[in-house]
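Enquirer: This is the structure, below, for whatever I ask next.
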Amino acid sequence: MTAEPLLAIRGLRKSFGGLQAVRGVDLDVADGAIVGLIGPNGSGKTTVLNLVTGEIAADGGSVRLAGQEMIGLPAFRVCRSRIARTFQLVRILPGMTTRENVMVGRLFGAEPTTPARARDEVGALLECVGLAARADQAGSQLTYIDQKRVELARALATRPRVLLLDEWLAGLNPSELQIGIALIRRLRDEGVTIVMIEHVMEAIRALCDHVVVMSAGALIASGAPDAVLSDPEVARVYLGEDDA
Ligand SMILES: Nc1ncnc2c1ncn2[C@@H]1O[C@H](COP(=O)(O)OP(=O)(O)OP(=O)(O)O)[C@@H](O)[C@H]1O
Ligand SMILES: [Mg+2]
């Protein structure tokens, strides 16, 4: 008998009106893995994350974390069950400082504590993501990359077992990308299991143990990064018939 994976997604489905955005997705994520979720624009990747985190209600299917069903739970309960995320379109609290943004994760996450303790504790996370020097700066004054760092630190502050990254590395310059890749690798080494939606294939190759490909709401390929990225069918869905 094989043990159940840390995160087990089965038959996940969601339609928006007549559009089947996610049509029966199955995905296993082993404890300690980094899994890449790739696919062309509009293929349903973010919708999968939104379903897993309880952001939107599923039409059907199951998402179990360590055997516990997440489907049907409100988003805050999924978060307290130790699944955290970042957003494709960055969503920080602009009127709060960097530190306060990250405190929100600590205060509303899996092991809530007092504001005074949260204030002390988030220092290490700010250090980890490279924001210590901007701890007291208003969110609205942060650069794009720093806002992404805030989102990551806030997600980590909730104390996740599974971290879902929605194009966290998108829009970074080449040196920031290397820093970002090293940071994600370090988080995994510290025990966080990661599912990353990403269009930056350099990062997928560098980080992922396993890659799955979505097209039009369904998984069409899965395996080791090199094998998946050299699959002609994967090239075809990315490039379109004529260019493949
Ligand atoms: N809340 C919503 N209401 C209606 N349609 C939606 C909603 N969210 C997503 N969709 C549609 O579902 C499909 C899948 O969208 P989704 O955002 O999951 O794609 P994606 O793979 O993340 O794409 P991208 O790479 O561009 O981020 C798209 O056609 C999108 O327009
Ligand atoms: Mg998306």
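Values in this text are rule-based calculations from the coordinates and carry no lab data. In this text, all values refer to a predicted model and were calculated from it rather than measured experimentally. Here the Cβ positions follow ideal geometry from the backbone for every residue, glycine too, while neighbour counts run over all protein chains shown.
Enquirer: Return, for the Cα atoms of the range 156-234, the radius of gyration and Dmax in Å, separated by a comma.
Expert: 13.2, 40
Enquirer: Which residue fluctuates most in the GNM of the chain (Cα springs below 10 Å): Thr113, Thr143, Thr193?
Expert: Thr143
Enquirer: Taking the Cα centre of the chain as the origin and placing charges on Cβ (Lys, Arg +1; Asp, Glu -1), which of Gly109, Ala221, Val195 is farthest toward the positive end of the dipole?
Expert: Gly109
Enquirer: Once Rh for the range 1-126 is found with the Kirkwood sum over Cα pairs, what is the Stokes-Einstein diffusion coefficient at 25 °C and 0.890 mPa s, in µm²/s? Write out the running numbers ahead of the final one.
Expert: Details: Rh = 16.3 Å.
The Stokes-Einstein estimate is 151 µm²/s.
Enquirer: Continuing with this model, one more query. Stretched out fully, how many nm does the piece from Leu239 to Met201 gain, at 0.36 nm a residue minus the Cα gap? Intermediate results must be reported in sequence, preceding the final value.
Expert: Values: separation 38, 0.36 × 38 = 13.68 nm, distance 1.41 nm.
That pair, Leu239 and Met201, stretches by 12.3 nm at full extension.
Enquirer: Magnitude of the Cβ-charge dipole of the chain, K/R +1 and D/E -1, about the Cα centre, nearest 20 debye?
Expert: Here the chain has a charge dipole of around 880 debye.
Enquirer: Based on the alpha carbons, how large is the Rg to Rh ratio for the range 23-82 when Rh follows Kirkwood?
Expert: Values: Rg = 11.8 Å, Rh = 12.5 Å.
So for the range 23-82, dividing Rg by the Kirkwood Rh gives 0.94.
Enquirer: Okay, moving on. Starting from 0.36 nm per residue, how many nanometres of slack lie between Ala170 and Arg77 once their C-alpha separation is accounted for?
Expert: Values: separation 93, 0.36 × 93 = 33.48 nm, distance 2.82 nm.
Taking 0.36 nm per residue and subtracting the Cα distance, the gain is 30.7 nm.
Enquirer: Report, in degrees rounded to the nearest 10, the 0 to 90 angle that the Cα long axis of helix 144-157 makes with the longest principal axis of the chain.
Expert: Rounded to the nearest ten degrees, it is 90.
Enquirer: What number results when the radius of gyration of the range 108-169, computed over Cα atoms, is divided by 2.2 N^0.38 Å? Show your work: numbers first, answer last.
Expert: On the way: Rg = 11.8 Å, N = 62, 2.2 N^0.38 = 10.6 Å.
That ratio works out to 1.12.
Enquirer: While we're here: Using the Karplus curve 6.51 cos²θ - 1.76 cosθ + 1.60 with θ = phi - 60°, work out ³J(HN,Hα) for each residue of the range 11-24 in order, rounded to whole Hz, and write x for Gly and Pro.
Expert: Each residue of the range 11-24 in turn: x, 6, 9, 7, 10, 10, x, x, 8, 8, 6, 9, 10, x Hz.
Enquirer: Could you work out how much longer the chain between Glu121 and Arg10 gets when fully extended? Use 0.36 nm per residue separation minus the Cα distance between them, nm to one decimal.
Expert: Values: separation 111, 0.36 × 111 = 39.96 nm, distance 3.65 nm.
Length gained between Glu121 and Arg10: 36.3 nm.
Enquirer: If you don't mind, there's one more thing I want to ask. Hey, how much of the P(r) for the range 1-45 falls beyond 15 Å, as a percent of Cα pairs?
Expert: Details: 552 of 990 pairs.
When all Cα pairs of the range 1-45 are counted, 56 percent exceed 15 Å.
Enquirer: Assuming R0 = 41 Å, what is the FRET efficiency of Arg188 and Leu19, from their Cβ-Cβ distance, to the nearest 0.05?
Expert: On the way: r = 34 Å, r/R0 = 0.83.
The computed FRET efficiency comes out at 0.75.
Enquirer: Suppose we keep just the DSSP beta bridges with both residues in the chain; what percent of those would be antiparallel, to 5? Spell out each step's value before the answer.
Expert: On the way: 21 of 37 bridges.
Around 55 percent of the beta bridges assigned by DSSP in the chain are antiparallel ones.
Enquirer: From Cα pairs below 8 angstrom and at least 6 apart in sequence, can you work out the relative contact order of the range 122-220, rounded to a whole percent?
Expert: Numbers: 74 pairs, mean separation 23.7, N = 99.
Value for the range 122-220: 24 percent.
Enquirer: Another one. At a temperature of 37 °C and a viscosity of 0.692 mPa s, determine how fast the chain diffuses translationally according to Stokes-Einstein, using the Kirkwood radius over alpha-carbon pairs as Rh; express D in µm²/s, rounded to the nearest whole number.
Expert: Calculated translational D: 178 µm²/s.
Enquirer: Return the distance in nm (one decimal) between the two label points of a simple spin-label model at Ile179 and Glu69, each offset 7 Å from Cα along Cα→Cβ.
Expert: 4.4 nm
Enquirer: Sticking with this structure for a sec: I need to check one value: relative contact order of the chain, counting alpha carbon pairs closer than 8 Å and at least 6 residues apart, in percent.
Expert: On the way: 486 pairs, mean separation 61.8, N = 244.
Averaging sequence separation for qualifying contacts and normalising by length gives 25 percent for the chain.
Enquirer: Taking a spot 7 Å from the Cα of Asp226 along the direction of its beta carbon, which residues of the range 200-217 have an amide N less than 18 Å from it?
Expert: What the label zone holds, given the 18 Å backbone N cut-off, is 201-212.
Enquirer: Using +1 at the Cβ of each Lys and Arg and -1 at the Cβ of each Asp and Glu in the range 3-54, identify which of Val48, Gly36, Gln20 lies farthest towards the dipole's positive end.
Expert: Working it through, the farthest residue towards the positive pole turns out to be Gln20.
Enquirer: Taking the Cα centre of the range 1-133 as the origin, how large is its charge dipole in debye, to the nearest 20, when only Lys and Arg (+1) and Asp and Glu (-1) carry charge on their Cβ atoms?
Expert: On the way: 15 positive and 12 negative charges, 64 e Å.
So the dipole magnitude of the range 1-133 works out to roughly 300 debye.
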